[in-house]
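Heads up: the structure comes next, in structure tokens.
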Amino acid sequence: MMPKQVTVRLHGALNDFLPPERRGTEFIHRFTGTPSVKDLLESLGPPHPEVELIFVDGKAVDFTHRVEAGSRVAAYPAFHALEVTALIRVGMPLPAVRRFVLDVGLGRLAGFLRMLGFDTLWRNDFEDSALARLSQEDARILLTRDLGLLKRAEVLHGYFPRNTNPSHQLVEVVLRFQLAPWMQPFTRCMACNALLAVAERNDVLGRVPAGVAAMHIHFQQCPSCQRVYWPGTHHQRMQAWVDTLRQLED
């Protein structure tokens, strides 16, 4: 079967999934059959949860649109500054409540999201099938650096953190999902995700250093794993970081 060809242009952050020579420019892509535009784009690299708008020959289309030879395909990532309600958005509206599920390689990012107060599931033994299922059934945003996982059909909301540094990944996620207004810092256990409860000094005696018990009167305790938190110097550094994250969307 003779290959067909289309002209493709990916915009914005979708270029991150292309080889350098194809970024920021139109290129010719050859294919066979009549693939959906979703399959064609994913064959180029971008996972479908990162795609917001698709145009074929200047017309907005959905993921099921069949690509014909000679077409011009343009795809755009999610963006917040342009009104697109009159167009066909292939990207799903964000869940009313921002909740997350993360793959095995993003444990530190999971802790940071919990620090900001977000319900975040993470285990070091999650199978890909379980991650995709939890993302769909619980309307959770899947964060993973596994492109194959993000391309699973059941994944509706997801993101591929570009950076490998967890603190930089957190900045990416805060910006991508507009998290600043939703933050409730220091309300969840960073270790197990449970909501924290207020604890009295007498409740934590013997489970915190004696000097900490002498200096502090305000504590929080995890009812699940019994971890104790208090506003020490580490808390102050994290609070400064939270303040910086809030300013990102100003």
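The values are calculated or read from the model by the stated rules, or taken from the named source; none is laboratory data. All values reported here derive from a predicted model rather than from experimental measurement. Note that we place each Cβ from the backbone using ideal geometry, even for glycine, and neighbour counts take in every protein chain shown. Surface accessibility is based on the protein's heavy atoms, side chains included, excluding ligands, DNA and RNA. Shrake-Rupley method; radii C 1.70, N 1.55, O 1.52, S 1.80 Å.
Some points to look at:
- Filter pass, residue 204 being β-branched (Val, Ile, Thr), in contact (Cβ under 8 Å) with a residue 12 or more places away in the chain and in contact with a Phe, Trp or Tyr (Cβ under 7 Å, 6 or more places away or on another chain): yes
- For region 12-28, the set of residues classified as open to solvent by 30 Å² or more (accessible area, probe 1.4 Å) and over 17 Å from residue 48 (Cβ atoms) consists of 19, 20, 21, 22, 23, 24, 25, 26, 28, listed by residue number.
- Some residue of region 223-231 being touching a helix residue (DSSP H, G or I) at 6+ places or on another chain (Cβ under 8 Å) and modelled with pLDDT of 95 or more: no
- Residue count for region 177-194 satisfying the condition of being over 17 Å from residue 231 (Cα atoms) and in contact with a Pro (Cβ under 9 Å, 6 or more places away or on another chain): 1.
- Any chance residue 16 is closer than 30 Å to residue 125 by Cβ, modelled with pLDDT of 95 or more, acidic (Asp, Glu) and assigned by the TED database to the domain that holds residue 179: no
- Taken as a whole, the structure places residue 36 among residues that are among the hydroxyl-bearing types (Ser, Thr, Tyr), touching a Phe, Trp or Tyr at 6+ places or on another chain (Cβ under 9 Å) and not assigned by the TED database to the domain that holds residue 130.
- Residue tally, condition in a helix (DSSP H, G or I) and over 18 Å from residue 187 (Cβ atoms), over region 205-236: 7
- Residue selected from region 204-222 under the condition in contact with a helix residue (DSSP H, G or I) (Cβ under 8 Å, 6 or more places away or on another chain) and open to solvent by 90 Å² or more (accessible area, probe 1.4 Å), by the criterion farthest from residue 236 (Cα to Cα): 205
- Whenever a residue of region 217-236 is of a type in the set (Val, Ile, Thr), its partners that are open to solvent by 90 Å² or more (accessible area, probe 1.4 Å), lying with C-beta atoms within less than 7 angstrom and at least six residues away or across chains, give the pairs 228/207.
- Note on region 223-250: residues that are open to solvent by 60 Å² or more (accessible area, probe 1.4 Å), hydroxyl-bearing (Ser, Thr, Tyr) and under 21 Å from residue 167 (Cβ atoms) total 2.
- Which numbered condition residue 4 fails, given (1) open to solvent by 60 Å² or more (accessible area, probe 1.4 Å); (2) modelled with pLDDT under 95: (1)
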